[in-house]
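Everything on this sheet refers to the single structure shown next.
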Amino acid sequence: MADPLTARLKLLIVETLRLEDVAPADIPDSEPLIGGGLSLDSIDALELVVRLEKEFGIKIASSEEARSALASVAGLAAYIRERADPTRLPS
């Protein structure tokens, strides 16, 4: 069974960045988000960070922290699980 947080993150990525030719299921869990197959840039990363902060009530304090958090969908899920209020995570 798919991880609900990972599935939610993939959907948020597609919605937030308006990736018209990408389905959430097409995003690999371990592929780099920045500089990977999605070709996300720093503006995309900023948009995504803002959405994640609102969605999960977390704070990504620096660009270095954002780069680390956005390493991959799996890495992002781990980052959010460590910092978010569990009531804001999908079940």
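Of all residues in the stretch 33-49, those that are within 19 Å of A74 (Cβ to Cβ) and modelled with pLDDT of 90 or more have Cβ atoms under 9 Å from Cβ atoms of residues that are in a helix (DSSP H, G or I) and hydroxyl-bearing (S, T, Y), 6 or more apart or on another chain, in D44/T16; A45/S63; L48/T16. Restricted to the stretch 14-55, and to residues there that are over 13 Å from the mean Cα position of the chain (by Cα) and surrounded by 14 or more Cβ atoms within 10 Å (Cβ to Cβ), the residue that is nearest to P4 (Cα to Cα) is V22.
Do the conditions hold for I58, that is, is it more than 16 Å from P4 (Cα to Cα), surrounded by 12 or more Cβ atoms within 10 Å (Cβ to Cβ), in contact (Cβ under 8 Å) with a residue 24 or more places away in the chain and more than 11 Å from the chain's Cα centre (by Cα)? It is true that I58 is more than 16 Å from P4 (Cα to Cα), surrounded by 12 or more Cβ atoms within 10 Å (Cβ to Cβ), in contact (Cβ under 8 Å) with a residue 24 or more places away in the chain and more than 11 Å from the chain's Cα centre (by Cα).
Can you confirm whether I80 is surrounded by 14 or more Cβ atoms within 10 Å (Cβ to Cβ), in a loop (DSSP other than H, G, I, E, B) and in contact with a helix residue (DSSP H, G or I) (Cβ under 8 Å, 6 or more places away or on another chain)? Against the criterion (surrounded by 14 or more Cβ atoms within 10 Å (Cβ to Cβ), in a loop (DSSP other than H, G, I, E, B) and in contact with a helix residue (DSSP H, G or I) (Cβ under 8 Å, 6 or more places away or on another chain)), I80 does not qualify.
The values are calculated or read from the model by the stated rules, or taken from the named source; none is laboratory data. If you're wondering where the values come from, they're calculated on a predicted model, not measured in any experiment. Please note: Cβ atoms are built from the backbone with ideal geometry, for glycine as well, and neighbour counts cover all protein chains shown.
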